[in-house]
Amino acid sequence: MSRQRTERVDVRRVTGPLPERIVDERADDLIVEEPLSIQLDGTLVSTTMRTPGHDAELAVGFCLTDGLLAGMPVIDVRHCGDVQAGESELNVITVDTGCLAPAPTPRLGNVSSSCGWCGSEQIDELCARLDPLPDSEGIDLDVIASVPGRVLETQELFATTGSVHAAAVFDRDGRVIFTREDVGRHNAVDKVVGALVRGADDGAGLPATGLGLFISGRASIEMVQKAWAGGFSTLVAVSAPTALAVDAARRANLVLAGFVRGDSFNLYSPA
């Protein structure tokens, strides 16, 4: 099953100052944004606004990075829903562990396509759930600087619409293994993690030891959480991190690079 990811609309393009201002009509491609309800063993655990596509990866990645799987394997992932009640089959998906994962607490509220963390106490929960990442061979600084440009070449939806985020996995040589795009940054990362869990790309899997994770926005605490849960050794962001994200990255033993643009960037972690 697939869903349209872009939609073409008619717009009026305004260019130039008065009195030479020109207004002409043209078509513009916009990214599609739709809700996805994620269930774990039949219990609703999240509803997020996402760009359709790679929904199974998104659902699995969310459950893993949010600590819901508790190490249990995923048996099946499938779209579902009560069509007679007007519920689209393509906007409801369930992750099945055969009820081996701890029973989740139902979550009835919606979340947006942005991040949703709200307190420094979350770091204590992360440290209790996740061990510090093992030491690994560092990624060369020149490679880190080159990653945004290499990922940009793989961002097909961004090239078409200009309005989506990207997350990508890269190796020590700077080779982009694969990229996922979504209207939400955290969705794009969950799709990447889910792809690794499911072994969908290049035979890579979790933990992503020695690999880097690229994100096209700021490095929030949630982005560090997802990189940490995925076992990545390095997180590269084109924008700034938050102070809370830097604190978490240092506790995680995660290399964190921000403002990675052109040939310069800041290294925030390790200290």
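A search for C-beta distances below 6 Å between a residue of the range 236-261 that is in contact (Cβ under 8 Å) with a residue 40 or more places away in the chain and any residue that is part of a helix (DSSP H, G or I) and among the β-branched types (Val, Ile, Thr), counting only pairs 6+ apart in sequence or on different chains, returns Val236/Ile144; Val236/Val147; Leu244/Ile221; Ala248/Ile123; Ala248/Ile221; Ala248/Val224; Ala257/Ile144. Restricting attention to the range 135-164, the residues that are in a helix (DSSP H, G or I) and among the β-branched types (Val, Ile, Thr) add up to 6.
Among residues belonging to the range 156-173 that are surrounded by fewer than 18 Cβ atoms within 10 Å (Cβ to Cβ) and more than 20 Å from Glu34 (Cβ to Cβ), point out the one that is farthest from the chain's Cα centre (by Cα).
Once the filter is applied, the top-ranked residue is Asp173.
Figure legend. Inter-residue proximity from the range 54-77: first residues under 18 Å from Cys127 (Cβ atoms), second residues outside any loop (DSSP other than H, G, I, E, B) and among the charged types (D, E, K, R), beta-carbon distance below 7 Å, spacing 6+ or different chains. Indicated pairs: Thr65/Asp190; Thr65/Lys226; Gly67/Arg129. Residues in the range 197-215 that are touching a residue at least 60 places away in the same chain (Cβ under 8 Å) and crowded, with 24+ Cβ neighbours inside 10 Å were compared, and the one that is farthest from the chain's Cα centre (by Cα) is Gly212. Within the range 184-195, being farther than 23 Å from Asp76 by Cα and either without any contact (Cβ under 8 Å) to a residue 60 or more places away in the chain or buried (at least 24 other Cβ atoms within 10 Å of the Cβ) (or both) holds for one residue alone: Arg185. Of everything listed in (1) surrounded by 10 or more Cβ atoms within 10 Å (Cβ to Cβ); (2) modelled with pLDDT of 95 or more; (3) not in a loop (DSSP other than H, G, I, E, B), the single unmet condition for Met72 is (3). Restricting the first member to the range 217-230 and to residues that are closer than 16 Å to Pro132 by Cβ and modelled with pLDDT of 95 or more, and the second to residues that are surrounded by fewer than 24 Cβ atoms within 10 Å (Cβ to Cβ) and of a type in the set (Gly, Ala, Ser), the beta-carbon pairs closer than 6 Å and six or more apart or on different chains are Gly230/Ala208.
The values are calculated or read from the model by the stated rules, or taken from the named source; none is laboratory data. Keep in mind that this is a model prediction, so the values were computed, not measured. Reconstructed Cβ throughout: ideal geometry from the backbone, glycine too, with neighbour counts over all protein chains shown.
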